[in-house]
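Mind looking over this structure? Questions follow.
The values are calculated or read from the model by the stated rules, or taken from the named source; none is laboratory data. All of these numbers come straight from a predicted model, not from anything done at the bench. Note: ideal-geometry Cβ built from the backbone for every residue, glycine included; neighbour counts use all protein chains shown. In case anyone asks, the SASA skips ligands and DNA or RNA and just uses the protein heavy atoms, side chains included. Shrake-Rupley method; radii C 1.70, N 1.55, O 1.52, S 1.80 Å.
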2 protein chains.
Amino acid sequence: MNREEILAAAQRQLNHDPRSSLADIATAAGIGRATLHRHFASRETLLEEIGTRSQDRWEQRLDDVDVEVVAASGDAAAIEAALRDLLAAFVEDADDFGFSLTDSFIAGEPEHVERTERLFAREVALYAAAQEAGVLRGDVSARWLGHAAYGLLVAAREAIRAGDVPRRDVAELVITTYLRGGQSR
Amino acid sequence: MNREEILAAAQRQLNHDPRSSLADIATAAGIGRATLHRHFASRETLLEEIGTRSQDRWEQRLDDVDVEVVAASGDAAAIEAALRDLLAAFVEDADDFGFSLTDSFIAGEPEHVERTERLFAREVALYAAAQEAGVLRGDVSARWLGHAAYGLLVAAREAIRAGDVPRRDVAELVITTYLRGGQSR
DNA sequence: CTCATCTGAGACAGCGATGTCTCAAACCGT
DNA sequence: ACGGTTTGAGACATCGCTGTCTCAGATGAG
């Protein structure tokens, strides 16, 4: 049982129930409580690491779509494609990483808050470029568009949890709802 | 210090930090811990009451717009107006009641889960009627439209918290984003 | 003023979670 | 098979929170 595997299992368990005790987490990971403590000195350490892991993934997704390059290009088609890819990737992640979305368990750690803000800013830069290129509307702030995307990810997670939407459809739903909204036309 | 006032203060405090202890809550309400216990026998009782309170408000909002009547009318204009009113009302509530949105502190109480489902169903019925009337698009499920609305409320809450959006603009932002999405046109 | 009631501070035991430790068993490469 | 390492089970002290209780002071109606 790798350190990385433990982290993944812990994340899964905390995603399932954010109030899980370390004993719960250890059981879920199939290891003993002592072993868990050997890898992560304290609960706080474990949570911090999970937070970092989530941010790593977020950063990776931004890197994957070359967000800065695409944004600088000003190419509407490329920007829209990047937007769609990014949202689809986030939806995929929302499953495993979702609880760090809704749970503010690292609130207060200035380090994490700062990094979150930097990542959000990178993402928002893409939305701003999309506005510039006429892909996204310009009458609302780019940061609001960022929050709206986040909100739809929460919705996606919830819809899956409630069994209202087949998993394979969620990405497309999020994208089309994000772009076109709910209005008929 | 009324029971209702205590409840409101507790909700505010838990909204601020969902992990507040009863001592925190009592302090925030400006009362002693003993007094808090006199009104609410246990933490669980308090949380249940807050959950019920939130659901009461939700129900009230649905009643306020006459959701069943409007839905049955099939009148597109009336339906869209009700939709807007409802979203605006929810945004207003999201401030005080938001934490019961994201925090699953009553998860497991079948009673609450059931009532939440009933309320959600009432709301979704309006979305379905809106689809019927051509106000909302029919190519996604009404329940997804419900989750999407919820997601945008989470986004609104987050945007306010981050100071990215003036409070008075949030309702209109949610509505326009919900209906039109983020796409330029 | 007086008495009944309500309140806050504090003490207290109980509980679950955390973090440390030990030890025997399981597991590894050699 | 062997010796070093890792592991899980469990014991243990500690901590913070909860829920109960007491008591002295504040409050308020008469």
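Under 7 Å between Cβ atoms, which residue pairs at least 6 apart in sequence (or on different chains) link something in the range A:113-132 that is in contact (Cβ under 8 Å) with a residue 40 or more places away in the chain and over 17 Å from residue A:179 (Cβ atoms) with a partner that is open to solvent by 50 Å² or more (accessible area, probe 1.4 Å) and in a helix (DSSP H, G or I)?
A:119/A:58; A:119/A:59
Identify the single condition in (1) more than 24 Å from residue A:111 (Cα to Cα); (2) within 13 Å of DNA strand D (Cβ to nearest atom); (3) not charged (D, E, K, R) that residue A:82 does not satisfy, given that it satisfies every other one.
Going through the list (1) more than 24 Å from residue A:111 (Cα to Cα); (2) within 13 Å of DNA strand D (Cβ to nearest atom); (3) not charged (D, E, K, R), residue A:82 breaks only (2).
Please indicate, with yes or no, whether at least one residue in the range A:146-165 is surrounded by fewer than 20 Cβ atoms within 10 Å (Cβ to Cβ), part of a loop (DSSP other than H, G, I, E, B) and touching a residue at least 60 places away in the same chain (Cβ under 8 Å).
no
Pairs, please: C-beta under 7 Å, at least 6 apart or cross-chain, first residue within 14 Å of another protein chain (Cβ to nearest Cβ) and in the range B:15-44, second near DNA strand D (Cβ under 6 Å from one of its atoms)?
Cβ pairs passing all conditions: B:43/B:22.
Right, another one. Is it the case, given these coordinates, that residue A:130 is open to solvent by 20 Å² or more (accessible area, probe 1.4 Å), in a helix (DSSP H, G or I) and of a type outside the set (Asp, Glu)? So that I can check it myself, show each step before the final result.
Numbers: open to solvent by 20 Å² or more (accessible area, probe 1.4 Å): no; in a helix (DSSP H, G or I): yes; of a type outside the set (Asp, Glu): yes.
No: the conditions fail for residue A:130.
Among the residues of the range B:116-125, which ones are open to solvent by 40 Å² or more (accessible area, probe 1.4 Å) and not hydrophobic (A, V, I, L, M, F, W, C)? I'd like the intermediate steps shown before the answer.
Step one: list which residues in the range B:116-125 are open to solvent by 40 Å² or more (accessible area, probe 1.4 Å), which gives B:116-118, B:121-122, B:125.
Selection gives B:116, B:117, B:118, B:122.
Now a separate question. Being within 24 Å of residue B:69 (Cβ to Cβ), among the aliphatic types (A, V, I, L, M) and at the interface with chain A (Cβ under 7 Å from one of its Cβ atoms) is the filter here; which residues of the range B:124-140 pass it?
Narrowing the range B:124-140 to residues within 24 Å of residue B:69 (Cβ to Cβ): B:124-138.
Next, only the ones that are among the aliphatic types (A, V, I, L, M) stay: B:124-126, B:128-130, B:133, B:135-136.
B:135, B:136 - these are the residues of the range B:124-140 that are within 24 Å of residue B:69 (Cβ to Cβ), among the aliphatic types (A, V, I, L, M) and at the interface with chain A (Cβ under 7 Å from one of its Cβ atoms).
Which numbered condition trips up residue A:67, out of (1) more than 14 Å from every other protein chain (Cβ to nearest Cβ); (2) open to solvent by 20 Å² or more (accessible area, probe 1.4 Å); (3) aliphatic (A, V, I, L, M); (4) in contact (Cβ under 8 Å) with a residue 40 or more places away in the chain?
Condition not satisfied by residue A:67: (2).
For the range B:141-175, name all the residues that are within 7 Å of another protein chain (Cβ to nearest Cβ) and within 11 Å of residue A:183 (Cα to Cα). Full working, then the answer.
We begin by selecting, within the range B:141-175, every residue within 7 Å of another protein chain (Cβ to nearest Cβ); these are B:141, B:143-145, B:147-148, B:150-152, B:154-155, B:158-159, B:164-165, B:173.
Answer for the range B:141-175, where residues must be within 7 Å of another protein chain (Cβ to nearest Cβ) and within 11 Å of residue A:183 (Cα to Cα): just B:145.
Which one is farthest from DNA strand C (Cβ to nearest atom), of the residues in the range B:1-57 that are aliphatic (A, V, I, L, M) and surrounded by fewer than 12 Cβ atoms within 10 Å (Cβ to Cβ)? Walk me through it before giving the result.
At the first step, the residues of the range B:1-57 found to be aliphatic (A, V, I, L, M) are B:1, B:6-10, B:14, B:22-23, B:25-26, B:28-29, B:31, B:34, B:36, B:41, B:46-47, B:50.
After this cut, where a residue has to be surrounded by fewer than 12 Cβ atoms within 10 Å (Cβ to Cβ) as well, the list is B:23, B:34, B:41.
Numbers: B:23: 10, B:34: 4, B:41: 14 Å.
Once the filter is applied, the top-ranked residue is B:41.
Looking at this structure, is residue A:174 β-branched (Val, Ile, Thr) and open to solvent by 10 Å² or more (accessible area, probe 1.4 Å)? Give the steps one after another, and end with the answer.
Numbers: β-branched (Val, Ile, Thr): yes; open to solvent by 10 Å² or more (accessible area, probe 1.4 Å): no.
When the stated conditions are applied, residue A:174 does not pass them.
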